[in-house]
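The values are calculated or read from the model by the stated rules, or taken from the named source; none is laboratory data. Quick caveat: nothing in here was measured; it's all calculated off a predicted structure. Cβ coordinates were reconstructed from backbone atoms using ideal geometry, including for glycine residues, and neighbour counts include every protein chain displayed.
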Amino acid sequence: MIKRTISSIALALGLAVATIPALASEGEGLAPAGTNIRDQASLQRGAKLFFNYCVGCHSLKYVRYSRLASDLGLSEEEVMTNLNFTGAKFGEPVISHMPADDAKTWFGKDPPDLSLEARAKGVDFIFNYLNSFYLDPTRPVGWNNTVFPNASMPNPLWELQGLQTAVHGEAAPGQEAVVEKLQISTPGRMSPEEFRGATRDITAFLEYAAEPAALERQSIGVWVILFLAGLTFLLYLLKHEYWKDVHDSH
Amino acid sequence: MANVFSRIGDWVNERAPNLAPTYRKHMTEYFAPKNFNLWYYFGSLALLVLVNQIVTGIFLTMNYKTSALEAFNSVEYIMRDVEWGWLIRYMHSTGASLFFVVVFLHMFRGIMYGSFKRPRELVWILGMLIFLVLMAEAFMGYVLPWGNMSFWGAKVIISLFGTIPYIGGSLVEWIMGDFLPADATLNRFFALHVIALPLVLLLLVVLHLAALHEVGSNNPDGVDVKHGPKGNKWNPEKPIDAIPFHPYYTVKDLVGVGFFLTIAAFIIFFAPTFGGWFLEHDNFTPANNLVTPSHIKPSWYFTPFYAILRMIPSFFGTAIWGVIGMFGAILLLALLPWIDKGEVRSVRYRGLGFRIALGVLVFSFLALGLVGAGVTAEVIPEWFPGADVTTWENAFGRLMVLGYFGFFVFVWVYTRFGFEKTKPVPERVTMHD
């Protein structure tokens with residue numbers, strides 16, 4: 001009986017596990033972001049980069065400055081002087097000051113709020129996207145992106161990464177040539193390795209911003225599961241004790 | 001102190017003399033077969049999840065805003081600014097998926113051990129009604145966060161009613177209260193989700209249990225303990241192979257509860273989206289009627305039925321056949337007591353044909369789930385490069401539709417015309433542990 005029970009559980013688990021990769025593979029062909037939101041220094045670096053290079057256009061309307069301070073281990077003063085450049089109050093959310101009308105004129109669309117970007121698109125997408133800008137004179141703002149072709153956004157991090165250009169392969173007749181790879185034509189302030197680290201930090205920060213509860217949920221979860229496992233064991237002993245009556249009654 | 005309690009007890013007894021006997025009838029003097037196995041945990045677990053959904057749901061409504069403009073923001077407010085809001089929401093969203101896990105296993109148990117057969121047809125019918133209401137409840141709950149998948153899922157599912165000839169178009173507008181899923185839709189779905197359907201669900205659950213306790217539980221051997229020898233150590237008139245539900249099955253079910261909560265806690269705290277199966281990526285984007293998600297698909301627990309809908313082609317100029325197939329798949333399950341005419345209940349003593357058919361049913365149901373979730377469409381190009389995805393998916397999906405409906409046809413023919421060769425059913429229940 002026990003054996004049969006175990007094999008049915010194994011079968012059920014096997015089926016469940018077999019289906020997971022199918023969805024995990026959603027970001028096909030993307031390099032893993034390799035973020036770690038438990039690394040507070042990485043989140044702090046990511047926040048600094050975000051507030052220097054991204055917040056000019058993109059809001060984090062669900063994230064409050066005060067929450068950033070407590071979650072990233074920063075003081076109110078540090079957040080208000082180093083991260084908050086809009087004059088917002090400490091308890092207010094992160095709202096970009098770019099006027100929507102100007103944005104439409106400059107980029108053709110309103111830059112999206114990034115609060116939930118990491119949950120909607122995935123961290124791998126963000127990380128690869130930030131690394132895949134290249135110069136493309138055919139686009140209105142002069143930039144294109146291999147991860148999100150014809151994106152309306154120029155590369156905000158070009159001074160750090162440098163300028164990338166595309167190496168095109170042979171074009172099939174009647175079709176545009178595909179981008180084979182990207183290469184740095186003008187070096188930036190960071191080496192390619194440093195730049196990958198920087199974009200990884202931004203991605204980690206956005207991952208945190210998409211679900212601040214993730215910071216506490218895992219550390220609480222460990223204790224909850226230990227408690228429940230202990231409780232289950234005690235309940236098993238209780239059942240065992242009671243069921244002696246039943247087993248004696250044959 | 002004990003005196004005070006007994007005086008309160010007497011006071012209540014005088015005024016409501018039926019309360020104590022009711023408690024005894026359903027708990028201490030409800031005798032259940034003693035040979036329940038793993039498959040018998042899922043009924044009580046479903047009740048546990050129902051309570052979880054109601055309690056967490058009450059707390060969610062305290063901060064949720066029923067409005068197309070505010071709903072999405074209010075869910076994020078719950079996730080970020082409400083004390084423990086994230087935990088309550090994850091308990092509710094994980095609970096919804098686990099509800100279907102335990103209900104599917106509970107239903108499979110019923111089919112496997114013939115629990116739907118005479119004299120428990122009414123228990124089965126009430127259970128199928130619970131399943132139907134549960135699906136409506138889950139669908140409407142899924143719309144409430146007003147993410148983009150909420151919107152498009154609602155649009156696709158509601159438009160199914162549009163396939164009904166003549167009245168379809170106006171019916172769809174009547175359900176939505178607008179030409180698209182909109183504020184009116186969200187408000188009425190909220191009303192149905194938080195009060196109307198839960199009331200119906202609770203009533204049906206009470207009836208399901210009352211009907212069960214009237215006829216008594218089946219067991220893995222499918223042996224009728226009520227008609228067997230009498231007299232056990234608790235009661236000389238009750239079946240020899242039965243034990244009082246309380247305390248024996250209450251403590252046993254508590255072990256199941258402990259296991260279940262541990263698994264649930266693992267999901268809630270470490271994988272609340274469950275890789276996109278329990279909370280989908282596209283639903284972290286607000287509803288937008290101008291941007292279609294790349295793959296519109298319902299929540300995983302609807303995917304087998306959704307696949308039946310998609311796999312049945314339209315002909316005679318109407319797409320209603322898929323809708324009929326989808327609802328027919330549920331209706332046939334409800335009619336199982338009259339389709340399966342075999343006398344032997346438990347799969348342990350049934351013919352080989354039934355065992356194989358049951359395997360086919362489970363396999364095609366799971367496979368249809370993968371088709372409906374779009375997994376086959378992703379896997380086919382990987383495994384068979386150059387294959388035409390639609391052709392292959394349709395071929396596989398339609399084969400699985402045949403497998404699902406084939407179960408019911410086969411079982412009817414197999415049992416109606418006496419093809420089944422059963423094994424002898426023992427006089428008394430067997431216990432293996």
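Summed over the stretch A:31-65, residues that are assigned to a loop (DSSP other than H, G, I, E, B) and away from chain B (no Cβ under 14 Å) total 11. So, A:SER96, is that one within 14 Å of chain B (Cβ to nearest Cβ) and either touching a Gly at 6+ places or on another chain (Cβ under 7 Å) or assigned to a helix (DSSP H, G or I) (or both) or not? Here the answer is no, as A:SER96 does not meet what is asked. Restricted to the stretch B:67-82, and to residues that are among the hydrophobic types (A, V, I, L, M, F, W, C) and assigned to a helix (DSSP H, G or I), which residue is nearest to the other protein chains (Cβ to nearest Cβ)? Checking each candidate, the answer is B:MET79.
This table checks each residue for (1) hydrophobic (A, V, I, L, M, F, W, C); (2) in contact with a Pro (Cβ under 7 Å, 6 or more places away or on another chain); (3) exposed (fewer than 13 other Cβ atoms within 10 Å of the Cβ).
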site	(1), (2), (3)
A:TYR65	no, no, no
A:LEU68	yes, no, no
A:MET80	yes, no, no
A:PHE85	yes, no, no
A:LYS89	no, no, yes
A:ALA100	yes, no, yes
A:THR105	no, no, yes
A:PRO111	no, no, no
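Taking the listed residues B:TYR90, B:TYR64, the one that is within 23 Å of A:GLU211 (Cα to Cα), touching a helix residue (DSSP H, G or I) at 6+ places or on another chain (Cβ under 8 Å), in the same structural domain as B:TYR142 (by TED's automatic domain parsing) and not in a helix (DSSP H, G or I) is B:TYR64, with no other qualifying.
Among residues of the stretch B:148-162 that are outside the structural domain of B:ALA71 (by TED's automatic domain parsing), none has a Cβ under 6 angstrom from a residue that is surrounded by 19 or more Cβ atoms within 10 Å (Cβ to Cβ) at a sequence gap of 6+ or on a separate chain.
Residues that are of a type in the set (Lys, Arg) and farther than 18 Å from B:PHE417 by Cβ were ranked within the stretch B:334-374; the one that is nearest to the other protein chains (Cβ to nearest Cβ) is B:ARG348.
Per the listing A:THR186, A:THR199, A:THR232, the residue uniquely within 9 Å of chain B (Cβ to nearest Cβ) and β-branched (Val, Ile, Thr) is A:THR232. Residues in the stretch A:211-229 that are within 7 Å of chain B (Cβ to nearest Cβ) and part of a helix (DSSP H, G or I): A:ARG217, A:GLN218, A:ILE220, A:GLY221, A:VAL224, A:ILE225, A:LEU228, A:ALA229.
Determine, yes or no, whether B:ILE8 is free of Cβ contacts under 8 Å to residues at least 40 places away in the same chain, exposed (fewer than 15 other Cβ atoms within 10 Å of the Cβ), in the same structural domain as B:ARG188 (by TED's automatic domain parsing) and more than 30 Å from B:ILE111 (Cα to Cα). Here the answer is no, as B:ILE8 does not meet what is asked.
The sole residue among B:VAL375, B:VAL411, B:VAL379 that is at pLDDT 95 or above and in the same structural domain as B:MET311 (by TED's automatic domain parsing) is B:VAL411.
The residue list B:ILE175, B:ILE195 contains one member that is exposed (fewer than 15 other Cβ atoms within 10 Å of the Cβ), on the phi < 0 side of the Ramachandran plot and more than 14 Å from chain A (Cβ to nearest Cβ), which is B:ILE195.
Condition test on A:GLY91, is it part of a loop (DSSP other than H, G, I, E, B), farther than 25 Å from A:TYR129 by Cα and touching a strand residue (DSSP E or B) at 6+ places or on another chain (Cβ under 8 Å)?
Numbers: part of a loop (DSSP other than H, G, I, E, B): yes; farther than 25 Å from A:TYR129 by Cα: yes; touching a strand residue (DSSP E or B) at 6+ places or on another chain (Cβ under 8 Å): yes.
Yes; evaluated as a whole, the condition is true for this residue.
Taking residues in the stretch B:281-304 that are in the same structural domain as B:ALA367 (by TED's automatic domain parsing) and under 17 Å from B:ALA68 (Cα atoms), and partners anywhere that are buried (at least 21 other Cβ atoms within 10 Å of the Cβ) and of a type in the set (Asp, Glu), not one pair has Cβ atoms closer than 7 Å while being at least 6 places apart or on different chains.
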